[in-house]
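The values are calculated or read from the model by the stated rules, or taken from the named source; none is laboratory data. All of these numbers come straight from a predicted model, not from anything done at the bench. Note that we place each Cβ from the backbone using ideal geometry, even for glycine, and neighbour counts take in every protein chain shown.
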Amino acid sequence: MIDLPAAEEAPRPLHPGISQVSKAHRKLAPIVPAQNIAGHALILVIAIMTFLSCLTLGAVTLVSDTAATWQTQIAREATIQIKPADDLDMEAALASAQSIASRFAGVRSASIVDRAATARLLEPWLGAGLNIDELPVPRLVIVTIDPTNPPDFAALRQALSAEVPRAALDDHRTWVDRLVAMARTTVTIGFSVLILMLSATVMTVVFATRGAMAGNGHIIEVLHFVGAEARFIAGEFRQHFLLTGMKGAAAGGLAAIIVFVGFSWWSSRNLATPEADQAAALFGNFAIGSAGYLGVALVVVVIGMLTAATSHLTVMSYLSDIDMRQHDA
């Protein structure tokens, strides 16, 4: 009986788990390198861009809401001004103008600005203790209007001219038109700045993606040549930069929310000071409201998606250039 030689056994690893660990490590090793100094710098740049974008959006929201409030308040009132004259009984003219305005549909009320209130209106310019009977000061009748059903201002002017020739009606339409034009201009400028910031963010991501591919270009080319699909490689970059973009955008959006909350808190704590009164007259109470916070969240999501989409398109363009060079060669 002839003994056959035993089959050679495969070499065993030094430790049973080393082979499995190595395979798992190779499987999980990312194409894009882990966060380094350049990656942290990109997160910081995206955070700054997002912070500025959210501040711009919040400022536009504040100005737009304040302008809408001004427009509503001005549209609710009209003013009848009566100029003094030597032969004019001012009190009778004021009562007649008040009666005429009160008869029109769409007028909620008409009130005469008395002597004391008129003197207080002129006090910042002419000082205290003013006797308005000694000066040719016009007197006013404040007409409160129903915004949903305003009166016929042309007919009201005609009636006033017929019975009180020295009366002039001001419906503040000029001021309303100016406020609307200012609000639209501010919103247009704000959104233009926002678009420029988003464009700068996209270009920053393009350069960062190019830098990441330059450091791993040989790996990308080898993977591409051995059969790795472009979508797979681009997906790895997209996932990496989506995470990077969301980190930076979330940090920037959170910083902007902290700024808005801080300003709102400061405004509520200093309601009685002149500085707070001036700021409230221009920007309200610095509260951007639910729409503003929703806009901040939208900016964060948009910047994160732009970061991922930009890296994906950049990688696809890079791999397309590789295929073109190979075809030309």
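Please enumerate the residues belonging to region 75-94 that are surrounded by fewer than 18 Cβ atoms within 10 Å (Cβ to Cβ) and assigned to a helix (DSSP H, G or I). Selection gives 75, 91, 92. Residue selection: residue 123 satisfies the criterion of being surrounded by 12 or more Cβ atoms within 10 Å (Cβ to Cβ), over 21 Å from residue 68 (Cβ atoms) and among the charged types (D, E, K, R). Among the conditions (1) under 20 Å from residue 61 (Cα atoms); (2) modelled with pLDDT of 75 or more, residue 267 misses just one, which is (2).
Rundown of residues vs (1) in contact with a helix residue (DSSP H, G or I) (Cβ under 6 Å, 6 or more places away or on another chain); (2) without any contact (Cβ under 8 Å) to a residue 60 or more places away in the chain; (3) within 30 Å of residue 199 (Cα to Cα); (4) acidic (Asp, Glu), yes/no style:
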position	(1), (2), (3), (4)
48	no, no, yes, no
53	yes, no, yes, no
63	yes, no, yes, no
67	yes, no, yes, no
74	yes, no, no, no
89	no, yes, no, yes
113	no, yes, no, no
120	no, yes, no, no
123	no, yes, no, yes
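Give region 99-118 a look and list any residue that's in a helix (DSSP H, G or I) and more than 14 Å from residue 160 (Cα to Cα), or say none. Once the filter is applied, which keeps residues that are in a helix (DSSP H, G or I) and more than 14 Å from residue 160 (Cα to Cα), region 99-118 yields 115, 116, 117, 118. Within region 235-265, the set of residues being crowded, with 21+ Cβ neighbours inside 10 Å and over 24 Å from the mean Cα position of the chain (by Cα) comprises 237, 238, 240, 241.
Would region 158-169 turn up any residue that is surrounded by 15 or more Cβ atoms within 10 Å (Cβ to Cβ) and under 30 Å from residue 59 (Cβ atoms)? No, there is no match, as no residue in region 158-169 is surrounded by 15 or more Cβ atoms within 10 Å (Cβ to Cβ) and under 30 Å from residue 59 (Cβ atoms).
Taking region 142-248 and the helices (runs of 4 or more DSSP H) fully enclosed by it, the elements with 1 or more residues that are of a type in the set (D, E, K, R) and not assigned by TED's automatic domain parsing to the domain that holds residue 307 are at 153-163, 173-215.
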